[in-house]
């Protein structure tokens, strides 16, 4: 399985978008995207036919890598977002240079095990009084989460 670097930032509903953009570009040193891809859908899980699944996986990753796109989803592992996540995790095409940046935006209240992200032995840095924090932790299944921009 590919190694995935994961970070998160918890924001207030009234966080100014300019501060988040500053965090992404100055602090995390991400280049502005040339294209934004947004993937929306219901939370109901469904299976895709193998051919359609392959087209989605190859097309989405190729489009993102060749254009320098950022992919935005609802940040859950359900419905169409699950298929996007699987496409990014299973990407193994070295001939396409670049990385794929996926940004999931989910309400704090729906995140499973969110209490694991708060508390003991978690290193956090306060970016500003509006941005809550960036945290470094271990997930419940032991995969390490590293303070770096997420990439596949």
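When both residues are 6+ apart or on different chains and their Cβ atoms are under 7 Å apart, which pairs have a first residue that lies in the stretch 12-39 and is under 29 Å from residue 79 (Cα atoms), and a second that is modelled with pLDDT of 90 or more and part of a loop (DSSP other than H, G, I, E, B)?
Hits for this filter: 33/69; 34/69; 35/69; 36/69; 37/69.
For residues that are assigned to a loop (DSSP other than H, G, I, E, B) and within 15 Å of residue 87 (Cβ to Cβ), tally how many sit in the stretch 19-45.
Residues flagged as assigned to a loop (DSSP other than H, G, I, E, B) and within 15 Å of residue 87 (Cβ to Cβ) within the stretch 19-45 amount to 2.
Just one of 98, 79 is surrounded by 12 or more Cβ atoms within 10 Å (Cβ to Cβ), closer than 26 Å to residue 27 by Cα and either touching a helix residue (DSSP H, G or I) at 6+ places or on another chain (Cβ under 7 Å) or at pLDDT 75 or above (or both); which is it?
Just one listed residue meets the conditions, 98.
Take residue 52 and tell me if it is surrounded by 15 or more Cβ atoms within 10 Å (Cβ to Cβ), modelled with pLDDT under 90 and either outside any loop (DSSP other than H, G, I, E, B) or in contact with a helix residue (DSSP H, G or I) (Cβ under 6 Å, 6 or more places away or on another chain) (or both). Write out each step before concluding.
Values: surrounded by 15 or more Cβ atoms within 10 Å (Cβ to Cβ): no; modelled with pLDDT under 90: yes; either outside any loop (DSSP other than H, G, I, E, B) or in contact with a helix residue (DSSP H, G or I) (Cβ under 6 Å, 6 or more places away or on another chain) (or both): yes.
Spelling it out, it is not the case that residue 52 is surrounded by 15 or more Cβ atoms within 10 Å (Cβ to Cβ), modelled with pLDDT under 90 and either outside any loop (DSSP other than H, G, I, E, B) or in contact with a helix residue (DSSP H, G or I) (Cβ under 6 Å, 6 or more places away or on another chain) (or both).
Of the residues 47, 27, only one is surrounded by fewer than 12 Cβ atoms within 10 Å (Cβ to Cβ) and more than 15 Å from the chain's Cα centre (by Cα); which?
Values: 27 fails: surrounded by fewer than 12 Cβ atoms within 10 Å (Cβ to Cβ).
Exactly one of 47, 27 is surrounded by fewer than 12 Cβ atoms within 10 Å (Cβ to Cβ) and more than 15 Å from the chain's Cα centre (by Cα), namely 47.
Sort out which residues of the stretch 4-18 are outside any helix (DSSP H, G or I) and out of contact with any strand residue (DSSP E or B) (no Cβ under 8 Å at 6 or more places or on another chain), and write them in order of number.
6, 13, 14, 16 - these are the residues of the stretch 4-18 that are outside any helix (DSSP H, G or I) and out of contact with any strand residue (DSSP E or B) (no Cβ under 8 Å at 6 or more places or on another chain).
The values are calculated or read from the model by the stated rules, or taken from the named source; none is laboratory data. Just so we're clear, the structure is a prediction, and the values are computed from it rather than from any experiment. As a convention, Cβ positions derive from the backbone with ideal geometry for all residues, glycine included, and neighbour counts pool all protein chains shown.
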